[in-house]
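Report on the following structure.
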Amino acid sequence: MTDETADTVLTVRVGAATDVGRLREHNEDSHHAGGAVFVVADGMGGHAAGEVASEIATETLAELSSRAPRLTADDLATTLQLANERILQGASDNPDQRGMATTVTGLAMVDQDGPRWAVFNVGDSRVYRADAEQLTQLTTDHSEVQELLDRGLITPAEAARHPMRNVITRSLGIEQVVRADIWVLDPHPGERFVICSDGLTNELSDADIRSLVARHDDPQQAAAALVTAAVDAGGRDNVTVIVVQTCVRAAASAAPAEPTTPVTPRGD
Ligand code: MG
């Protein structure tokens with residue numbers, strides 16, 4: 001897919017995979033990977049209501065794709081708030097879905113003086129960035145364990161097996177106003193993003209994730225390999241992965257000239 005602005009072109013390769021895992025009956029994760037938006041949501045709630053919450057989140061964010069390439073980080077914030085309101089409304093209309101909630105995280109192509117990546121997060125699903133040298137976690141978990149880590153009360157090794165590691169402090173569907181983290185980044189050709197639910201990160205270390213991403217050139221194969229490895233490692237939760245590769249960021253003026261339809265000048 002291609003996203004053009006006045007002087008740059010951003011192209012991506014994408015792969016996605018999901019699995020219910022070995023213990024759960026339902027897959028309450030949802031994802032969307034297309035257009036200008038790449039999102040993973042991990043739902044919570046009884047009677048498969050978590051599935052409903054995560055679907056509302058991904059479908060609401062997917063609506064943003066039709067606005068590219070003029071999407072802004074503010075649009076993302078507004079749309080996360082809209083998804084929250086739809087989940088709260090759904091829970092209010094359907095007693096079976098009361099208390100449903102979801103994490104949501106991902107990437108969107110935004111226009112801020114040219115194409116940029118906006119990374120967004122609510123909850124403990126994650127976005128990582130991998131380049132030739134390293135894998136970096138871009139998002140910060142909104143979780144009890146992260147707060148203990150931040151206060152220096154536990155070590156990363158203790159966090160990985162902490163009994164409260166599934167307790168999140170932010171989500172969509174609980175409070176009236178969403179507190180979302182949003183970062184805007186310059187795109188770099190060759191970088192790859194891993195967007196995932198905690199079913200991946202509770203089973204695999206960052207080193208495992210890094211080596212699997214490096215081993216598979218094709219983003220679809222990388223996403224499938226990550227999900228398979230998490231299921232093989234225990235599969236105690238639903239696991240969902242999207243791999244997005246930034247392929248090209250080139251000046252449009254460098255593209256071969258071709259006949260075009262006359263463009264209406266701005267302001268008309
Ligand atoms: Mg999960």
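The values are calculated or read from the model by the stated rules, or taken from the named source; none is laboratory data. It should be emphasised that the depicted structure is a prediction, and the values quoted were computed from it without experimental measurement. When we count neighbours, we look across all protein chains shown, and the Cβ atoms used for this are built from the backbone with ideal geometry, even at glycine.
Taking D208 and the conditions (1) buried (at least 20 other Cβ atoms within 10 Å of the Cβ); (2) away from the ligand (no atom under 14 Å from the Cβ), which numbered condition does it fall short on, given that it satisfies the others?
The single condition D208 does not satisfy is (1).
With the checklist (1) at negative phi; (2) touching a strand residue (DSSP E or B) at 6+ places or on another chain (Cβ under 6 Å) in hand, flag the one item A91 doesn't pass.
Every condition holds for A91 apart from (2).
Mind counting the residues in the range 88-114 that are surrounded by 24 or more Cβ atoms within 10 Å (Cβ to Cβ) and either assigned to a loop (DSSP other than H, G, I, E, B) or within 16 Å of the ligand (Cβ to nearest atom) (or both)?
Within the range 88-114, residues that are surrounded by 24 or more Cβ atoms within 10 Å (Cβ to Cβ) and either assigned to a loop (DSSP other than H, G, I, E, B) or within 16 Å of the ligand (Cβ to nearest atom) (or both) number 7.
Can you find a residue in the range 26-44 that is at pLDDT below 95 and among the charged types (D, E, K, R)?
No, that holds for no residue.
Looking only at residues that are basic (K, R) and modelled with pLDDT of 95 or more in the range 9-25, which one is surrounded by the most Cβ atoms within 10 Å (Cβ to Cβ)? Before the answer, list the steps.
If we filter the range 9-25 for residues that are basic (K, R), which is where we start, we get 13, 22, 24.
Adding the requirement that they be modelled with pLDDT of 95 or more leaves 13, 22.
Values: R13: 17, R22: 12.
Across the range 9-25, the extreme among qualifying residues is R13.
Kindly indicate the residue of the range 33-43 that is touching a residue at least 40 places away in the same chain (Cβ under 8 Å) and not aromatic (F, W, Y) and also nearest to the ligand (Cβ to nearest atom) among those meeting that condition. It would help to see each step written out before you state the result.
Taking the range 33-43 and keeping what is touching a residue at least 40 places away in the same chain (Cβ under 8 Å), we get 33, 36-43.
Narrowing further to those that are not aromatic (F, W, Y): 33, 36-37, 39-43.
Details: A33: 18, A36: 25, V37: 21, V39: 15, V40: 10, A41: 10, D42: 4, G43: 8 Å.
Per the stated criteria, the residue is D42.
Exactly one condition in (1) farther than 25 Å from A16 by Cα; (2) modelled with pLDDT under 95; (3) loosely packed, with under 15 Cβ neighbours inside 10 Å is false for D131; which is it?
Tallying (1) farther than 25 Å from A16 by Cα; (2) modelled with pLDDT under 95; (3) loosely packed, with under 15 Cβ neighbours inside 10 Å, D131 fails exactly one: (1).
Go through the residues of the range 229-237 one by one and say whether even a single one is among the β-branched types (V, I, T), under 20 Å from V14 (Cα atoms) and either at pLDDT 95 or above or buried (at least 17 other Cβ atoms within 10 Å of the Cβ) (or both). Break it down into steps so the answer makes sense when it comes.
So the first thing to find is which residues in the range 229-237 are among the β-branched types (V, I, T), and the list is 231.
Subset that is under 20 Å from V14 (Cα atoms): none.
No - not one qualifying residue is present in the range 229-237.
Given the residues H162, H142, which is the only one that is in contact with a Lys or Arg (Cβ under 7 Å, 6 or more places away or on another chain) and within 16 Å of the ligand (Cβ to nearest atom)?
H142
Take the conditions polar (S, T, N, Q), in a loop (DSSP other than H, G, I, E, B) and either at pLDDT 95 or above or in contact with a Lys or Arg (Cβ under 9 Å, 6 or more places away or on another chain) (or both) and apply them to N84. Does it pass? Lay out the reasoning, then the answer.
Numbers: polar (S, T, N, Q): yes; in a loop (DSSP other than H, G, I, E, B): no; either at pLDDT 95 or above or in contact with a Lys or Arg (Cβ under 9 Å, 6 or more places away or on another chain) (or both): yes.
When the stated conditions are applied, N84 does not pass them.
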